[in-house]
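Written below as structure tokens is the structure these notes are about.
The values are calculated or read from the model by the stated rules, or taken from the named source; none is laboratory data. Quick caveat, the model's predicted, so the values are computed rather than measured. Cβ: placed from backbone, ideal geometry, glycine included. Neighbour counts: every protein chain shown. Each accessible area value is taken on the protein alone, full model and side chains, heavy atoms only, with ligands, DNA and RNA left out. Shrake-Rupley method; radii C 1.70, N 1.55, O 1.52, S 1.80 Å.
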Amino acid sequence: MKPNGNQDEPDYQKLRLSDAFAHAANTLELTVDCYNINYSTKNKLLDSCYELRCYSIFVQKVREGIQNGLELRTAIRQAITYCKTHDLMGDYFQKNESEVFDMVNFKWDQKRALEVAKEDGVAIGEARGEARGEARGEARGKLLGERNAMMKVALSLLKKGLPVGVITESTNLSPEEVRKIAKDNGLAF
């Protein structure tokens, strides 16, 4: 594969995925059209598209700033200022300066990728935990609701004088639970 960036490349070329691998026999081939959008006064594509030319000049100005020893942040700010003062999509840069700065200044490396993956994993874990907690809470609530209903049935049956065995069969409560309900409600059986 050809390198990406500010190296001299033709204005147009076809790139093949298999060129990136030493042994590419009997593989599926992917071919893409690649256009060089690095700034050049001789680039016909840039001459035909104002926005692309402005973007290319902006990137070139950032690169020049870095080559002159500026930090990336400073180079980006100077390139934005240059574009605004030279009417190179000045309105766009005026309205979207912070977004442009953030996009160009964003450095994606393995450390940042791991941080984002960790943040995503934590968020997913929290969401799953909340969902499980809600499900368990609903299940517990349902069980407690059913249990309370059976305790009310048991109390009603105790008040009618039915034997403990009949009540336990009817409510699935243990004999101890039925006796406790009777005791708590001042009923003798």
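Each other residue within a Cβ distance under 14 Å of residue 182 adds +1 if Lys or Arg and -1 if Asp or Glu, for a net charge of +3. Quick one: compute the contact order of the chain, relative version, from alpha carbon pairs under 8 angstrom and 6+ residues apart, as a percent. Result for the chain is 9 percent. Maximal additional length on extending the residue 41-residue 16 stretch stands at 6.2 nm, based on 0.36 nm per residue less the C-alpha distance. Got a number for carbon plus sulfur as a percent of the chain's accessible area, 1.4 Å probe? Carbon plus sulfur share of accessible area: 53 percent. Only helices enter this figure: runs of n ≥ 4 DSSP H residues, each worth -39500 (n - 2.57), summed and divided by the residues of the chain, yield -21500 deg cm²/dmol at 222 nm to the nearest 500.
Could you work out the mean projected area of the convex hull around the alpha carbons of segment 124-189, in square nanometres to one decimal? About 5.0 nm², averaged over all directions. Counting charges near residue 158 (Lys, Arg +1; Asp, Glu -1) among other residues having Cβ under 15 Å from its Cβ returns a value of +2. Panel values: the chain, Kirkwood radius from alpha carbon pairs, Stokes-Einstein at 25 °C and 0.890 mPa s, translational diffusion coefficient 101 µm²/s. Estimated at 0.36 nm per residue, the fully extended path between residue 184 and residue 97 surpasses their Cα-Cα distance by 24.0 nm.
Taking 30 Å as the limit for the C-alpha separation, the pairs 61/118; 42/84; 14/95; 14/61; 84/118 exceed it in the case of 61/118; 14/95; 84/118. The stretch between residue 70 and residue 52, if pulled fully straight at 0.36 nm per residue, gains 4.0 nm over its current Cα-Cα span. Charge dipole of segment 55-109 (Cα centre as origin; +1 on each Lys and Arg Cβ, -1 on each Asp and Glu Cβ, all else neutral): 100 debye, rounded to the nearest 20. Per residue, the chain exposes 75 Å² of accessible surface when a 1.4 Å probe is rolled over the protein heavy atoms with every protein chain present.
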